[in-house]
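The values are calculated or read from the model by the stated rules, or taken from the named source; none is laboratory data. All values derive from a computational prediction rather than experimental measurement. All Cβ positions, even for glycine, are placed from backbone atoms using ideal geometry, and neighbour counts span all protein chains on display.
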Amino acid sequence: SKPPIELFFSKPCKQTNNNNNPLNFPTIPLIDLSKSDSKHLLVKACQEFGFFKVINHGVPMQFINKLESEATKFFSSPLSLKQKAGPPNPFGYGNRRLGQNGDFGWVEYLLLNAKLESDHKNPTFSVFEENPGNFQCIVNDYVTAVKKMACEILELLADEMGLESRNVFSKLLMDEQSDSVFRVNYYPPCPELQEYEMKGKKLIGFGEHTDPQIISVLRSNNTSGLEISLRDGSWMSVPPDSSSFFVNVGDSLQVMTNGRFKSVKHRVVANSSKSRLSMIYFGGPPLSEKIAPLDSLMVGEEASLYKEFTWFEYRKSAVNSRLSDNRLRLFEKI
Ligand code: GA4
């Protein structure tokens, strides 16, 4: 059954408009990883936005391009073939349905385990007919490089904050048991979009949410669509840049920093003429890991803002939630 298109429209909402207020208009923090003074800016970006753009990231363009072209090939193949790689429970191909609780988006996707095993029998990969192992290798190369960058960022953050050791965050991603996910999203153009012309409404590709993990690293082609929610509740459109990465703080990092860093609410809106392709690495801890504010970060009598929980509990609660739910609220101390 095909869900009606009305389900994909957002309610009318406030948009940030830089013409109104050119002086106060916030810009997305830019982090140059090749510069030694980026640490301070990184911490500031995580506190103020929970979001930033990274250049000189060190991920070889060749890995990015290979993955982009394989993914594009996959999404342009017949639906019947793509469906052989689905449904995504928990991993595989998904179409319009997001999660298990009735969320929809104008999007197709591949959800993969980011664990780098050479499991060529993985049913998701068997649809890459001529050579399933090849796709696995391309994903492995890309994920390995992006994970390395994510760890570098997490180490710079720990360092700048003067934490007990610079790998307090990165060791969770490096752990063999790390519960990390990799996702490729394909947002097809929606020609009906103009027909609908619902004033103030937008066609939602991926509805508003925060990411539950520690850190998310996104790369997209040059089609716009990503928006982040600012403190005043307005939506700011993120200009796409295919040669850079965009990073956001996840709920778990917000908890581990006792709320100093903010997980950013974000969403993707559809485009009427161009397709958008994005690939996101979600760095998560092992399932048994206790997620709690780091001791070395608490000052004086500072108390934890959160009840104690493991990543297993948080992930379970996330899987049972709707996309737009405030998942952290359940774990906040009153
Ligand atoms: C959002 C971040 C990641 O894409 C994801 C998503 C997950 C899914 O697609 O299965 C969820 C969503 C995400 C949070 C709430 C639940 C679970 C869809 C959904 C409605 C893979 C993740 O870890 O959480």
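Any idea which of (1) surrounded by fewer than 20 Cβ atoms within 10 Å (Cβ to Cβ); (2) at pLDDT below 95; (3) not hydroxyl-bearing (Ser, Thr, Tyr) is the one Ala114 doesn't satisfy?
(1)
May I ask you to verify whether Pro78 is within 16 Å of the ligand (Cβ to nearest atom), surrounded by fewer than 19 Cβ atoms within 10 Å (Cβ to Cβ), free of Cβ contacts under 8 Å to residues at least 12 places away in the same chain and farther than 24 Å from Ile214 by Cβ? Walk me through it before giving the result.
Numbers: within 16 Å of the ligand (Cβ to nearest atom): no; surrounded by fewer than 19 Cβ atoms within 10 Å (Cβ to Cβ): yes; free of Cβ contacts under 8 Å to residues at least 12 places away in the same chain: yes; farther than 24 Å from Ile214 by Cβ: yes.
No, not satisfied.
Can you tell me which residues in segment 318-334 are in a loop (DSSP other than H, G, I, E, B), in contact with a Lys or Arg (Cβ under 7 Å, 6 or more places away or on another chain) and more than 13 Å from the ligand (Cβ to nearest atom)?
Initially, segment 318-334 is screened for residues in a loop (DSSP other than H, G, I, E, B), giving 320-328, 333-334.
Now restrict to residues that are in contact with a Lys or Arg (Cβ under 7 Å, 6 or more places away or on another chain): 321, 333.
Correct list: Lys333 only.
Six or more apart or on different chains, Cβ under 8 Å: which pairs go from a residue in segment 215-238 that's without any contact (Cβ under 8 Å) to a residue 40 or more places away in the chain to one that's among the β-branched types (Val, Ile, Thr)? Could you list them?
Ser229/Val264
Enumerate the pairs (first residue in segment 13-33 and at pLDDT 65 or above; second residue anywhere and among the aromatic types (Phe, Trp, Tyr) and assigned to a loop (DSSP other than H, G, I, E, B)) with beta-carbon separation below 8 Å, excluding pairs fewer than 6 apart on the same chain, so at least 6 apart or on different chains.
Thr16/Phe25; Pro26/Phe49; Ile28/Phe49; Pro29/Phe49
Go over the candidates Lys39, Lys66, Lys44 one by one and state the one that is closer than 21 Å to Ser278 by Cα, in a helix (DSSP H, G or I) and either at pLDDT 95 or above or under 23 Å from the mean Cα position of the chain (by Cα) (or both).
Within the list Lys39, Lys66, Lys44, the selection yields Lys66.
Among the residues of segment 294-317, are any away from the ligand (no atom under 16 Å from the Cβ) and at positive phi?
yes
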